[in-house]
Amino acid sequence: MAPKQQKQVIAPVDIVDLGSSDDEDTGAFGSNSKPSVASNLQTKQPMALNNVDVSAANRRRLDNHSFWRAGAYETGKNQPSRVQALGELEHARVHPKFLHSNATSHKWAFGAIAELLDNAVDEIGNGATFVNVDRIYNSKDNSPALIFLDDGGGMDPDGMRKCMGLGYSSKTSNKTIGQYGNGFKTSTMRLGADVIVFSRSTRSGQTSQSVGLLSYTFLRRTGQDDVIVPMIDFNISEHRAEPIIYTSMADWSSNLKTILEWSPFVSKDEIMRQFDNMGSHGTKIIIYNLWMNDEGVYELNFDDDNEDIRLRDEVNLPTTAKKPSRKDLELQSHLSNSIRYSLRAYASILYLRKFTNFKIILRGKPVEQYSIKEDLRHSKRVIYTPHVGPSSREAAVETTIGFIKEAPYLGVCGFNVYHKNRLIRPYWKIIPDGSNRGQGVVGVLEANFIEPAHDKQDFERSALYIKLEAKLKQIVGDYWKAHSHLLHQAEGVRKNDVQLKLDSSNNLTTNSSIQENLDAASLDQICEENVQLFMRCEQYKEKHAGLKQKIEQLEKDLEETRSKCAKLSSHLDLQKKQTV
């Protein structure tokens, strides 16, 4: 008979519960006082949690390392409900599986990274001058981890608990990017199974250091049915780290023990050293046990470029047996496509306005911000005033539209739509595929009058969104009608220049005759002829498309007629046989 499994009692740690109350102002704290937290986000009283003991080696990692499969696991028996204290209100509990299902709002890993960059950018108002994104290694198993370090205002113990909670946000300004109080949880859990946060802050003359651990691995491996978040705080106002005690020193030590067991760090001294490069205030986020793809390879690629972070599954060249053409390679490396797999490229256009005293440092090298609209040829500004509503104040929206430098050689097109300075939809194709209209036309605008989705990778499909889409189609059509001849004229001049260079090496007299012809012809007349030829070409293309569609319909009708004839012939044959 197999021996019975031993059970261990895990000492009480903080439990984050799902509440519905709004955010409260961050309060001051003392070395022996409990921080002021929102009404339904509480540090619980000690509660014994019985869990099956497993070896330390097995507990550090999940069985399935793929993010999209990590939510499929059997839950253990629910812990008995705690007896309700007199006068205490009921509140909703959060199962650990919710952390995973909540993170699935991010379909794209770079969207999750952008959320964390947004949090650092929002700290510019609190003195932030940089955010550093890099790879480090987990000292326990030498696996890669992702680190974010900024010098913003940081979080006090109350702020740390709101950060770990769901739906709480201290951002009340209409200029900040974050607003839902959910981005930190969804983004970190989308990138890896576990995250540990270090933050140093000064509030009301008191300086604190806080450490919080949100570990999906810990919750799953110990069979929890509630989100348990161990956190420890220090008061460093007297230039030495004094633990901030809320219940008892035993509880504080228990939180520290859990953090050391499930984090990449093995001692309290190693935990404290994480604050050494933080300065007087700031936040450090370390995401470890990073997710892998279905092939068992890390989603984030740190090896192909020492100054970049790439997505392995997003680099897609044409799947043909022959060698990719030069045009295919140029299209693959164009910004419109490289933002799908290169974090440096994506971060370069992530914010519309260039920072004056803030840098995004990616793997030791600052990201150079790139302005799409400044690089457009024959650019034009179009003013659009959306009808937001009868009671809302309408603001004019400026759209910059023009041709990319590579047009018409590369048919890149679409609108880059920002919201509160943050890129939401890059290269949004307004014109359907297959149409030559608008090829090479790119636009940039900031649409603050429509709301983005929770993952900030698209907009909510509202009536304003539909109106905006219709307006952008009109803008593209008007611009193409007025400027397309310039595009084709430039292409013709480019080809003529190449031909002239070839001819000049063989016969100098050819150059003189071409120059005489160019002098004799009026430039305006040539432009007008180009416009007419282009319009005729467009008419022929539309006519060809119509004829092609008509042929397809006729072929379909013919096939149906043949089928009817076959059925009718079979029916006649059957009648003849019956008659005979």
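For the list (1) assigned to a loop (DSSP other than H, G, I, E, B); (2) out of contact with any Ser or Thr (no Cβ under 8 Å at 6 or more places or on another chain); (3) of a type outside the set (D, E, K, R); (4) under 30 Å from LEU149 (Cα atoms), I need the number of the one condition that TYR370 fails.
Unmet condition: (2).
Are any of the residues in the range 245-264 under 27 Å from the mean Cα position of the chain (by Cα) and crowded, with 19+ Cβ neighbours inside 10 Å? Show your work before the answer.
In the first step, residues of the range 245-264 are kept if they are under 27 Å from the mean Cα position of the chain (by Cα); the result is 263-264.
Now drop any that are not crowded, with 19+ Cβ neighbours inside 10 Å, which leaves 263-264.
Among the residues of the range 245-264, at least one is under 27 Å from the mean Cα position of the chain (by Cα) and crowded, with 19+ Cβ neighbours inside 10 Å, which makes the answer yes.
Here is a yes/no grid of residues against (1) part of a helix (DSSP H, G or I); (2) modelled with pLDDT under 55; (3) closer than 19 Å to LEU410 by Cα; (4) in contact with a strand residue (DSSP E or B) (Cβ under 8 Å, 6 or more places away or on another chain):
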site: LEU464; (1), (2), (3), (4): yes, no, no, no
site: LYS467; (1), (2), (3), (4): yes, no, no, no
site: LYS471; (1), (2), (3), (4): yes, no, no, yes
site: ILE475; (1), (2), (3), (4): yes, no, no, yes
site: ALA482; (1), (2), (3), (4): yes, no, no, no
site: LEU486; (1), (2), (3), (4): yes, no, yes, yes
site: GLN489; (1), (2), (3), (4): yes, no, yes, no
site: ARG494; (1), (2), (3), (4): yes, yes, yes, no
site: GLN499; (1), (2), (3), (4): yes, yes, no, no
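State yes or no: is ILE360 closer than 30 Å to LYS481 by Cβ and within 21 Å of the chain's Cα centre (by Cα)?
no
Among the residues of the range 272-290, how many are open to solvent by less than 10 Å² (accessible area, probe 1.4 Å) and either over 27 Å from the mean Cα position of the chain (by Cα) or farther than 11 Å from ARG200 by Cα (or both)?
The qualifying residues number 5.
Being assigned to a loop (DSSP other than H, G, I, E, B), out of contact with any Asp or Glu (no Cβ under 7 Å at 6 or more places or on another chain) and over 19 Å from GLU406 (Cβ atoms) is the filter here; which residues of the range 334-363 pass it?
Matches in the range 334-363: LEU350, ARG353, LYS354, PHE355, THR356, ASN357, PHE358.
Which one of these does ASP433 not meet: (1) within 30 Å of VAL131 (Cα to Cα); (2) out of contact with any Pro (no Cβ under 8 Å at 6 or more places or on another chain); (3) among the acidic types (Asp, Glu)?
(1) is the only condition that ASP433 fails.
So if I check each of LEU352, LEU343, which one is open to solvent by 30 Å² or more (accessible area, probe 1.4 Å) and closer than 27 Å to ALA109 by Cα?
LEU352
Of the numbered conditions (1) at pLDDT 95 or above; (2) among the aromatic types (Phe, Trp, Tyr); (3) farther than 30 Å from ASP304 by Cα, TYR384 satisfies every one except a single condition; which is it?
All conditions pass for TYR384, except number (1).
Out of the residues in the range 398-412 that are open to solvent by 10 Å² or more (accessible area, probe 1.4 Å) and in a strand (DSSP E or B), which is modelled with the highest pLDDT?
The selected residue is THR400.
Scan the range 213-221 and give yes if some residue there is open to solvent by less than 10 Å² (accessible area, probe 1.4 Å) and either modelled with pLDDT under 90 or within 29 Å of PRO452 (Cβ to Cβ) (or both), otherwise no. Before the answer, list the steps.
Kept after step one, since they are open to solvent by less than 10 Å² (accessible area, probe 1.4 Å), are these residues of the range 213-221: 213-219.
So of that shortlist, the ones also either modelled with pLDDT under 90 or within 29 Å of PRO452 (Cβ to Cβ) (or both) come out as 214, 216.
Yes - at least one qualifying residue is present in the range 213-221.
Given the conditions (1) open to solvent by less than 20 Å² (accessible area, probe 1.4 Å); (2) more than 17 Å from MET189 (Cα to Cα); (3) at pLDDT below 95, and given that HIS106 satisfies all but one, which numbered condition is not satisfied?
With respect to (1) open to solvent by less than 20 Å² (accessible area, probe 1.4 Å); (2) more than 17 Å from MET189 (Cα to Cα); (3) at pLDDT below 95, HIS106 is out only on (2).
Report every pair of residues separated by at least 6 positions or lying on different chains whose Cβ atoms are under 9 Å apart, first residue within the range 553-565 and among the acidic types (Asp, Glu), second open to solvent by less than 80 Å² (accessible area, probe 1.4 Å) and not in a helix (DSSP H, G or I).
Every condition considered, no pair remains.
Can you name every residue in the range 413-428 that is under 20 Å from GLU330 (Cβ atoms) and open to solvent by 10 Å² or more (accessible area, probe 1.4 Å)?
CYS413, PRO426, TYR427
Can you say whether ASN132 is open to solvent by 10 Å² or more (accessible area, probe 1.4 Å) and farther than 23 Å from HIS419 by Cα, as far as the supplied structure shows?
yes
Mind checking which helices (runs of 4 or more DSSP H) fall wholly inside the range 205-286 and carry at least 2 residues that are in contact with a strand residue (DSSP E or B) (Cβ under 6 Å, 6 or more places away or on another chain)?
216-221, 249-262
Could you check the range 416-443 and list, in sequence order, the residues that are part of a strand (DSSP E or B) and either of a type in the set (D, E, K, R) or at positive phi (or both)?
Passing the criteria: ARG422, ARG425, TYR427.
Tell me, yes or no, whether the range 429-446 has at least one residue that is open to solvent by 50 Å² or more (accessible area, probe 1.4 Å) and either among the aromatic types (Phe, Trp, Tyr) or farther than 30 Å from LEU329 by Cβ (or both). It would help to see each step written out before you state the result.
Let us first name the residues in the range 429-446 that are open to solvent by 50 Å² or more (accessible area, probe 1.4 Å), namely 429, 432-434, 436-437, 439.
Pick out the ones that are also either among the aromatic types (Phe, Trp, Tyr) or farther than 30 Å from LEU329 by Cβ (or both) and you get none.
No - not one qualifying residue is present in the range 429-446.
The values are calculated or read from the model by the stated rules, or taken from the named source; none is laboratory data. What you see is a predicted model; the values in this text were computed from it and never measured. Every residue, glycine among them, receives a Cβ derived from its backbone with ideal geometry; neighbour counts consider all protein chains shown. What goes into the accessible areas is simple: the full protein's heavy atoms, side chains included, and nothing from ligands, DNA or RNA. Shrake-Rupley method; radii C 1.70, N 1.55, O 1.52, S 1.80 Å.
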